[in-house]
Amino acid sequence: MAERSTAKRARRTKAEQRAESLEQILDAAEYLFAKKGLYGVTLRDVAERVGIHTTLLHYYFRDKTHLFEEVFARRAPVTSGRRMKALEEYEKAMGDKVTVEGALHAFLDTDLDLYYEGGELWMNSATFCARVSNTPEGARLMDEHFDPVVLKLVSVLKKALPDYSDEDIFWGYHFVTGALMNTLARTGRIDRLSSGLCHSDDFPAVKKRMARFMAAGFLALKEEKKKTK
């Protein structure tokens with residue numbers, strides 16, 4: 001009996017060790033992909049950052065593309081799931097009284113909080129998403145993991161703007177996601193331009209302003225229509 005218990009503890013320990021090794025590999029790969037993209041990183045680079053032999057990476061992952069996809073898939077369900085829940089709860093609470101700014105707060109603030117409150121690893125994930133979102137391989141994964149929550153946001157925006165065209169709403173989303181990705185990239189450019197007045201990793205400052213700013217942009221599209229009539 002004692003031997004069986006010891007064996008079970010050993011098996012659990014091995015499973016825990018494997019899970020820990022996987023997390024270390026994914027963390028290292030996420031950091032490197034965020035800095036250099038898919039094609040600027042080798043499996044050797046990842047192995048050296050973790051402090052393991054490259055052959056161990058091949059044990060867990062078929063190739064670099066597989067590792068890249070697993071890095072993306074690890075956190076994407078968390079971010080999309082939280083935002084989907086926030087949008088559903090907002091829509092349920094507001095009914096027909098949803099607003100553009102309210103919908104954008106649910107979509108943007110939830111994500112900004114997750115990255116900022118998650119610490120360095122989640123901030124690395126934010127940079128990773130921003131970098132790869134404008135690449136063919138990243139766009140494919142964005143489609144796969146984030147289309148449902150994006151289309152949910154669009155549906156709430158349509159409810160808030162019933163007399164807007166789908167075209168205007170989708171362009172509005174395009175501008176929103178562009179600003180979000182630029183924020184998540186944390187390039188430091190705003191720090192230099194503002195002489196330190198603003199900081200690219202100050203997500204609370206972004207959260208305080210972005211939804212309101214973007215909502216005004218949506219509403220300005222209608223004003224522009226009035227002028228052209």
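The values are calculated or read from the model by the stated rules, or taken from the named source; none is laboratory data. None of the values given here were measured: they were computed from a predicted structure. Here the Cβ positions follow ideal geometry from the backbone for every residue, glycine too, while neighbour counts run over all protein chains shown.
Summary table below
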| quantity | calculated |
| --- | --- |
| Boolean, Ala130 is under 23 Å from Lys222 (Cα atoms), in a helix (DSSP H, G or I) and in contact with a Lys or Arg (Cβ under 9 Å, 6 or more places away or on another chain) | no |
| Single condition Thr135 does not satisfy, out of (1) at pLDDT 95 or above; (2) polar (S, T, N, Q); (3) touching a Leu at 6+ places or on another chain (Cβ under 8 Å) | (1) |
| Residues of the stretch 27-61 satisfying the condition of being of a type in the set (A, V, I, L, M) and closer than 22 Å to Thr187 by Cα | Ala28, Ala29, Leu32, Ala34, Leu38, Val41 |
| Conditions (1) of a type outside the set (Ser, Thr, Tyr); (2) touching a residue at least 12 places away in the same chain (Cβ under 8 Å); (3) in a helix (DSSP H, G or I); number of the one not met by Ala139 | (2) |
| Cβ-Cβ under 8 Å pairs, at least 6 apart or on other chains, the stretch 86-99 side buried (at least 18 other Cβ atoms within 10 Å of the Cβ), far side outside any helix (DSSP H, G or I) | Tyr90/Val98; Glu91/Val98 |
| Identity of the residue in the stretch 98-153, of a type in the set (Gly, Ala, Ser) and within 10 Å of the chain's Cα centre (by Cα), that ends up nearest to Asn182 (Cα to Cα) | Ala130 |
| Selected residue (only one of Leu121, Leu104 is farther than 21 Å from Val154 by Cα, assigned to a helix (DSSP H, G or I) and touching a residue at least 40 places away in the same chain (Cβ under 8 Å)) | Leu121 |
| Which listed residue, of Ala34, Ala47, is buried (at least 18 other Cβ atoms within 10 Å of the Cβ), in contact (Cβ under 8 Å) with a residue 60 or more places away in the chain, in a helix (DSSP H, G or I) and among the aliphatic types (A, V, I, L, M) | Ala34 |
| Which listed residue, of Thr127, Thr187, is over 30 Å from Lys97 (Cα atoms), out of contact with any helix residue (DSSP H, G or I) (no Cβ under 8 Å at 6 or more places or on another chain) and among the β-branched types (Val, Ile, Thr) | Thr187 |
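Residue-wise test of (1) surrounded by 14 or more Cβ atoms within 10 Å (Cβ to Cβ); (2) assigned to a helix (DSSP H, G or I); (3) at pLDDT below 95.
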position	(1), (2), (3)
Tyr164	yes, no, no
Asp168	yes, yes, no
Trp171	yes, yes, no
Ala179	yes, yes, no
Leu184	yes, yes, no
Arg192	no, yes, no
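Every residue, every condition in (1) hydroxyl-bearing (Ser, Thr, Tyr); (2) within 28 Å of Glu144 (Cα to Cα); (3) outside any loop (DSSP other than H, G, I, E, B); (4) modelled with pLDDT under 95, yes or no:
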residue	(1), (2), (3), (4)
His58	no, yes, yes, yes
Val78	no, yes, yes, no
Arg82	no, yes, yes, no
Leu87	no, yes, yes, no
Ala93	no, no, yes, no
